[in-house]
Amino acid sequence: MFEPKRPQKELKYEELRIYTDEELKNFTEEELKEFKIKHEIPAVEELEKGPWPSFVADAKQEALRRRKLADDRMMIDRYVVEDLLGQLELSFKDGETHWKHGGIVGVFGYGGGVIGRYSDVPEKFPGIAHFHTIRVNQPASKFYKSDFLRALADLWEYRGSGLFNMHGSTGDIILLGTTTEQLEPIFYDMTHELDQDLGGSGSNLRTPSCCIGKARCEWACYDTQEMCYEMTMHYQDELHRPAFPYKFKFKFDGCPNCCVASIARADIAFIGTWRDEIRIDQEAVKAYIAGDIVPRGGSHKGREWGKFDIQKEVIDLCPSQCMRMEDGKLVIDNKECVRCMHCINVMPQALRPGKDTGVSILVGAKAPILEGAQIAQVIVPFMKAEPPYDNVKEVIERIWEFWMEEGKNRERVGELIQRVGLPKFLEVIGLPPAPQMIKAPRANPYIFWKEEDVPGGFERDIKDFRARHKR
Amino acid sequence: MEEIKKAILEFASASKKTRFYFKDMEKAVQEKIPTAKAREIKKAASELINEGTLIYFSTGSTTMYGLKDRCASDEPQQ
């Protein structure tokens, strides 16, 4: 049961609305068809021609809406959206960006959440001379009330460009484009009226994000929403007051399907897992084989795939070949299971994750910015994940301590591990090496044992060795 | 705390660069006050920010600190 860390404000949405619905629906389809923005944008308009919905079409609607709103109903330039499209056209033509980013813009006391952006051709496009971005910390699993979104959209129409992204890579709502003067009023309204915090940017803990978790998914091995909320609240100082060498991301996935792709994107990925056995309902296995239950929950039923073949579609595809049929029953050698989720995904009614659940903690994923992309690696194969998560917080804080001490400016934790080596990292964090940390533990000597690590120790005489083995 | 704040301000005024990383500020403070811990330095820096002496400078991906008086002229204001 959800328990808020601080009193939740009861929002009176009717009072928070700035516009009426009629005021916002201020143009007809006909007017939209006829509408031309103030700049010629043939290259940008090419983007509308594809089969997919285009942001250009959306932006034009917003441009027309702003043309027709009354002067005193917008606090920033009426032509902000038109100038944005105009500058994009110029960038296409020139083959280079016309944005400058960064600066001292921010809101009082916060080191993140606002990213300064300026046009470098403001004389041509005065509406976007300032075009700052604001990150809004999304709720766990992105559950919103539509009333809340209307109130937020109204605030942004009034004090910003009216354009926003749902959602940025870290999961926040990204409000696109406002002026420096509007930042504090927006921050005030958002925190005091909407009870909504800003997200993270810069050398901060970034807004933690999680999968849909136990709210909708039977595979969630821990309560991702609860843990995401707990960590967001517990590490508020790290989220808003930057003192890290660079960005740092947490993501929470309830099972190894990894719906928020924590393994590829988070400095620390928390992925739900189990340490007992996959639960098997043998009757349901038979029903799948007989064709009485559609595999994959019916998600591939748009085409004829032929009769379900458990050998071909499940057993032969097991990456560690730990499954077989024996006397009409499915048998799994659980100690060899690598939690790929394939069999569970194909036969969700027959197979379920075990009952002794927790998280695997993986560290070091990143996208290519300074160095190339990295995928996260296992640091803790299994840990229980239950409130108040003190065990997890201890791991997090040890990693931060080492990274803040040893990390270079703008070095992600994954790059630090690569630089110092996994054994050194494990030693400092105080975790034992485990075979789950690498792909081929029997063949890859990733740990060089020291004499004191081995019972009985060992003696090594290099001269004696060289006498028998030439260099 | 006051001592750390003083060390931060000395570094911020003397530093060749008008904007600097937290880590460089931390090193400079620890040269003067070896017992100062990162967390204390962060708290002192946050106080200076709240007082309006120090400011954050963010590119969006990286955050730096600077003296308000020295950084104002760097700002790409229109």
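The values are calculated or read from the model by the stated rules, or taken from the named source; none is laboratory data. From a predicted model like this one, the values you see are computed outputs, not experimental measurements. As a convention, Cβ positions derive from the backbone with ideal geometry for all residues, glycine included, and neighbour counts pool all protein chains shown.
Annotations
- Of all the residues in segment B:1-48, those that are assigned to a loop (DSSP other than H, G, I, E, B) and either among the polar types (S, T, N, Q) or within 17 Å of A:SER203 (Cα to Cα) (or both) number 4.
- Residues of segment B:29-42 satisfying the condition of being more than 9 Å from every other protein chain (Cβ to nearest Cβ) and either at pLDDT 95 or above or surrounded by fewer than 19 Cβ atoms within 10 Å (Cβ to Cβ) (or both): B:VAL29, B:GLN30, B:GLU31, B:LYS32, B:ILE33, B:PRO34, B:THR35, B:LYS37, B:GLU40
- Among the residues of segment A:45-52, at least one is among the hydrophobic types (A, V, I, L, M, F, W, C), surrounded by fewer than 21 Cβ atoms within 10 Å (Cβ to Cβ) and away from every other protein chain (no Cβ under 14 Å).
- All positions within segment A:188-206 that are within 14 Å of another protein chain (Cβ to nearest Cβ) and either of a type in the set (Phe, Trp, Tyr) or not in a strand (DSSP E or B) (or both): A:GLY199, A:GLY200, A:SER201, A:GLY202, A:SER203, A:ASN204, A:ARG206
- Filter result for A:GLY171 (part of a loop (DSSP other than H, G, I, E, B), in contact with a Leu (Cβ under 7 Å, 6 or more places away or on another chain), buried (at least 23 other Cβ atoms within 10 Å of the Cβ) and in contact (Cβ under 8 Å) with a residue 40 or more places away in the chain): no
- Filter result for A:GLU238 (over 26 Å from A:ASP356 (Cβ atoms) and not in a loop (DSSP other than H, G, I, E, B)): yes
- Flag if A:ASN391 is free of Cβ contacts under 8 Å to residues at least 40 places away in the same chain and either in the same structural domain as A:PHE252 (by TED's automatic domain parsing) or β-branched (Val, Ile, Thr) (or both): yes
The rows are residues; the columns are (1) out of contact with any helix residue (DSSP H, G or I) (no Cβ under 7 Å at 6 or more places or on another chain); (2) surrounded by 13 or more Cβ atoms within 10 Å (Cβ to Cβ); (3) at pLDDT below 95.
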| position | (1), (2), (3) |
| --- | --- |
| A:GLU283 | yes, no, no |
| A:ILE289 | no, yes, no |
| A:GLY297 | yes, yes, yes |
| A:HIS300 | yes, no, yes |
| A:ARG303 | yes, no, yes |
| A:VAL314 | no, yes, no |
| A:LEU317 | no, yes, no |
| A:ASP327 | yes, no, no |
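- Meets criteria (surrounded by 11 or more Cβ atoms within 10 Å (Cβ to Cβ), more than 22 Å from the chain's Cα centre (by Cα) and in contact (Cβ under 8 Å) with a residue 24 or more places away in the chain) for A:PHE402: yes
- When the criteria are applied in full, B:ALA7 meets the requirement of being among the aliphatic types (A, V, I, L, M), more than 7 Å from chain A (Cβ to nearest Cβ) and out of contact with any Ser or Thr (no Cβ under 7 Å at 6 or more places or on another chain).
- Residue selected from segment A:233-260 under the condition away from chain B (no Cβ under 14 Å) and over 19 Å from A:ASN345 (Cα atoms), by the criterion nearest to the chain's Cα centre (by Cα): A:LYS251
- Failed criterion for A:ILE375 (all others in (1) surrounded by 17 or more Cβ atoms within 10 Å (Cβ to Cβ); (2) more than 14 Å from every other protein chain (Cβ to nearest Cβ) hold): (1)
- Residues that are closer than 21 Å to A:PHE244 by Cα and aliphatic (A, V, I, L, M) number at least 3 in the following helices (runs of 4 or more DSSP H) confined to segment A:393-471: A:413-420, A:422-429.
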